[in-house]
Amino acid sequence: MNELITAIPTGITAFVATNLDDLVILTLLFAQANATFRHRHIVIGQYLGFCTLVIASLFGFLGGLILPSHWIGLLGLVPITIGFNRLINTDNDESSDIESGIELSNSSIFSSFLSPQAYSVAAITIANGSDNVGIYMPLFANSAISELLVIIAVFLLLVGVWCYVTYKLTCQSAIATLLTRYGNNFVPFILIGLGVFIILDSAALTPIVLTVACLGLMGLIKIIQTSKLKTQSL
């Protein structure tokens, strides 16, 4: 019984230590919510991404089959790509957002699991989770089955708490006004910075290779944007 009680503060400590940076990311994501990017996409994406990290840690614990941290670090290219895309594609069609929003409002909650918005949030969560796997794997390895279940239950509960707290932050008028007015300007840079930090911290790529990869991503996004504009003009 004492072991199960001890598992609760252990789970809380491990979660807080590995997810403090998610508070900032989630706050920014909730501030960007609109007709096509709903709150449910953020919550579902956060849970999908976090559960993926937990499962990866469990696979490492059960079978010693865990990807090297630098492989996981390559997922840092996801927030970098999203950030570059937002920087380059600054013009958004409001009418298309409204139409898409009507379609989304008529869809079921289940469809949110299949939405690219939810998967984008999940990808960011996973990309920022190499430290999670590094901490959870030895934590799980040193826990009994009953303790492991308690720790995972605490984790899943705290994911919801994290989402609720960050949503409430965006409901504060001063914070909401600041993030709504200037959020679109600095969110791309934060996403790019997050991706760069993840890759360099995990030693997935050297700074030179990362620079080349970023230039290549920028060029690719620009080509795709130009192709879309040509298609729309026809």
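Points worth noting:
- In range of the label at Ala174: residues from the range 1-36 whose backbone nitrogen is under 19 Å from the point 7 Å along Cα→Cβ: 24, 27-28, 31
- A cut-off of 5 Å between modelled amide H atoms, ignoring neighbours fewer than 5 places along the same chain, links Ala33 with no other residue.
- Mean accessible surface per residue for the range 187-234, computed with a 1.4 Å probe while every protein chain stays in place, in Å²: 65
- Cβ-Cβ FRET estimate between Phe189 and Thr13, R0 fixed at 45 Å, reported to 0.05: 0.90
- Here the accessible area of the range 1-55 is 72 percent carbon and sulfur, with a 1.4 angstrom probe and all protein chains present.
- Using 0.36 nm per residue and subtracting the Cα-Cα separation, the extra length available between Ile223 and Ala144 on full extension is 23.2 nm.
- Solvent-accessible area per residue, Å², over the range 1-57 with all protein chains present [probe radius 1.4 Å]: 42
- Estimated FRET transfer efficiency (Asn89, Ala153; beta-carbon r; R0 45 Å; 0.05): 0.65
The values are calculated or read from the model by the stated rules, or taken from the named source; none is laboratory data. Bear in mind the structure is a predicted one, so any value in this text is a computation, not a measurement. Note: ideal-geometry Cβ built from the backbone for every residue, glycine included; neighbour counts use all protein chains shown. SASA here: full protein model, heavy atoms, side chains in, ligands and nucleic acids out. Shrake-Rupley method; radii C 1.70, N 1.55, O 1.52, S 1.80 Å.
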